[in-house]
Structures are given as C-alpha cells and as structure tokens.
Amino acid sequence: MRYHYTKDTLFVWGDFKAVSTGVDGGIRYVSTLMNHTVPKDFCHDNPLEYIRNILSENDFKNDAFGLLTAVWMQDLCVVQYDYITVFVTAGVSNPNPDPTKPHTINIIVVSAEGFSDAALLETIITATEAKAHALRLLGRDFTGTTSDAVIAAYETGEIKHTYAGTFTEPGKRIYASVLHGVTEAIKRHEGTVVRNRPSFFIYSRYGNTGWFEWIKEDCPYYPCHFKGQVCDFCYCPFYPCKDESLGGWVASSTDGEPVWACTECHLLHNKKTAEYLIKHPKADLEELKNV
C-alpha cells in the first residue's frame, strides 16, 4: 500500500480487494481508494463521473472506490496499529437530513494481511461501532451523520483472517484505530486541536506509550538516525519494503513474531531523496535508490 494527500484529496493505491458503502460501492478488486473534499454547496448529477474525472486528472485508473466529504484533508487523521491502517476525515454538522449541512465521517480501513469476504464486511460493522463510541465519548447524542461511508480493504494475498469482530485480533485493532481516529479527526475539524497538515498516529508498545502522535517539529526521538536528517517521511510509505539492502526481519519483542526492521535505513531521511518523493509521490523504491 502507498498513499499521499493534497489539500483536497487522499489517494491510497495498491492491489486491494475492498468493500465500500460509498459512491458505486460494493465488493471487488480495486487499485485505488480515494477521499476527496468538495465544496459545501456541492451538487453534481453524476458523482461517479465526478470521481472518475479526479482519478483521471491524477493518473489513476477507474478501478477505484471513492468517497466525498466537505472536510479538508488538513484535518485527515492517519492511524496505524500493526498491520491495520485507518484514514479518517470527520465533520458532524449533519446528524439530521439537512442538505445545508454537508459534513460527513469517512473511514478507510486497510489491512496488510488478507481478509475473507466475511471479514471485509464485518470490518464495516466494527468500524461503525467504534465511530458511534467515539461520538458518545465526545458528548454527541447521535451515532453518525446522514452521509457517513466506510471502505474496508486488504492487500491481496494469503487470507489470514476469517472474521473481524471486536474480539478477533484484527477487530481489536480496527476498533481501537477507528475510535482514536474519529475522536481526533473531529477535534481537528472543530478546532479544539489545531494542525496545519494531516495527523499521523501509531500504536506503540515501547514503554507502554499507547497512541503516539508524530509531530515533526516536536519529535522526542530526533535524531533517530543522524544529525540533520530530513523527517518528512518518518513513517516510511514503503514499509515493509522487504528490500534486504535497506532492512531485515527481526523477532518482535512482544510475541517473537518476525517484524521488518529498518533501523539502518537512511534512504528517506536524505534531503534529496525526500524532496524527490514529495514531487513524485508515485516513485517506486528502485527509482528512489537511484536518486
């Protein structure tokens, strides 16, 4: 999985099997997942055509699932818990069917481990339960808005998880990630937490940290590699790259399972390489190594 965002659009791409409750939803194989900001007075006779035009303008194929929102990507929250990554934008001005209040809660859940079709569908239930929980914790008397949507996807490969309910291993991670993501996304959209770019959270077991928000200007681990390093890509978009010239497998300190370690990799901490990837977000690993 790879992703990047602009002021008004999040693109997530890879080889996915996915299910969507959004525009042209259903269950199928797709290469791109998208969340796009539209004006508050947005009105279009054919939203699918609108989404396809955005994909085409950005050189993505039409085999995609797209979501629309009135929330800017500045308030996007990206939440990572092991092999689960969740992308959330959340505005809650329209709990009632009022077309003048167009905000919505969009949730994209991506697993790096394979899901059965049942697990993909159950992910929608688990994510919705967590969203409702987040709204209750924020003191809201409703469980969602009239236009909420969920995409659940996994990177195609071996099926490892048959179910994704809250008592399963993937379900626990999905629930915790969506609960945290929706809570933080609403705070950002409503201005109780102010950020000038999307927020990135990771669930860390190091020192019982729990949820950790990475902020480039205030990172307690800087410098983790070398003085003067560039940290635009602290959490590598290629992880786990499985390129043994850059990293290697080590045993997890929690359960002994193999995890990919990139402690010695400086590729994206190099200023020239990082700047190249910012300008060319679709660049592959070999291209960057040649830079």
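The values are calculated or read from the model by the stated rules, or taken from the named source; none is laboratory data. In this text the structure is predicted, and so the values were computed from the model without any measurement. No Cβ is skipped: glycine too gets one built from the backbone with ideal geometry, and neighbour counts run over all protein chains shown. Each accessible area value is taken on the protein alone, full model and side chains, heavy atoms only, with ligands, DNA and RNA left out. Shrake-Rupley method; radii C 1.70, N 1.55, O 1.52, S 1.80 Å.
Within the stretch 174-253, all pairs of alpha-carbon atoms sorted by distance into 10 Å bins from zero give the percentages 13, 38, 38, 11, 1. Along the charge dipole of the chain, Cβ charges K/R +1 and D/E -1, which of ILE108, HIS189, ILE159 sits furthest on the positive end? Looking along the dipole axis, the top candidate is HIS189. Amide hydrogen proximity for SER204: with H placed 1.01 Å from N in the peptide plane, the residues at 5 or more positions away or on another chain lying under 5 Å are GLY210, TRP211, PHE212.
Along the axis of the charge dipole computed for the chain (Cβ charges of +1 for Lys and Arg, -1 for Asp and Glu, origin at the Cα centre), the listed residues LEU121, PHE200, PHE60 are led at the positive end by PHE200. Largest first, the residues VAL230, VAL259, VAL178 sort by 1.4 Å accessible area into VAL259, VAL230, VAL178. For a straight C-alpha distance cut-off of 16 angstrom, the aspartates and glutamates reachable from LYS187 (same-chain residues fewer than eight places away being disregarded) are ASP75, GLU213.
Counting protein heavy atoms only, the stretch 68-193 has 54 percent of its accessible area on carbon and sulfur, 1.4 angstrom probe.
Note on LYS271: lysines with a C-alpha under 17 Å away, same-chain residues under 8 apart excluded, are LYS216, LYS227, LYS279, LYS289.
Structure remark: mean-square fluctuation, Gaussian network model of the chain, C-alpha springs under 10 Å; the largest value among TYR276, TYR206, TYR83 belongs to TYR206. Computed with a 1.4 Å probe over protein heavy atoms only, the accessible surface of the chain comes to 50 Å² per residue. Taking each residue as 0.36 nm, the span from THR143 to THR156 lengthens on full extension beyond its C-alpha to C-alpha distance by 1.5 nm.
Once both labels are positioned 7 Å from their Cα atoms along Cα-to-Cβ, the gap between LYS289 and PHE42 label points is 4.0 nm. Only DSSP H runs of four or more residues enter the estimate; each adds -39500 (n - 2.57), and after division by the residues of the chain the mean residue ellipticity at 222 nm equals -7500 deg cm²/dmol.
Spin-label model, THR254/GLU57: points 7 Å from Cα along the beta carbon direction are separated by 4.1 nm. Summarising the strand pairing of the chain, around 70 percent of its internal DSSP beta bridges are antiparallel. Restricting attention to the stretch 1-131, lysine pairs at least eight places apart or on different chains and with alpha-carbon atoms under 29 angstrom apart total 11. Just tell me which aspartates and glutamates come within less than 14 Å, Cα to Cα, of LYS160; anything on the same chain fewer than 8 places away is out. By straight Cα distance, LYS160 reaches GLU113, ASP117, GLU169.
Between ALA127, ALA251, ALA119, the GNM of the chain built on Cα springs shorter than 10 angstrom shows ALA251 fluctuating the most. Each principal axis of the Cα cloud of the chain was evaluated for its coordinate range; sorted largest first, these ranges are 53, 42, 39 Å. Figure legend: label point modelled 7 angstrom from the Cα of ASP15 along Cα→Cβ; residues of the stretch 149-164 with amide N under 19 Å from it are 153-161. Normalised by the number of residues in the stretch 4-58, the average gap of Cα pairs under 8 Å and 6 or more apart makes the relative contact order 30 percent.
Using DSSP, restrict attention to beta bridges with both residues in the stretch 1-52 and report what percent are antiparallel, rounded to the nearest 5. Expressed as a percentage, antiparallel bridges in the stretch 1-52 total about 100.
Within the listed set ILE51, ILE215, ILE202, the Gaussian network model of the chain (springs between alpha-carbon atoms below 10 Å) gives the highest mean-square fluctuation for ILE215.
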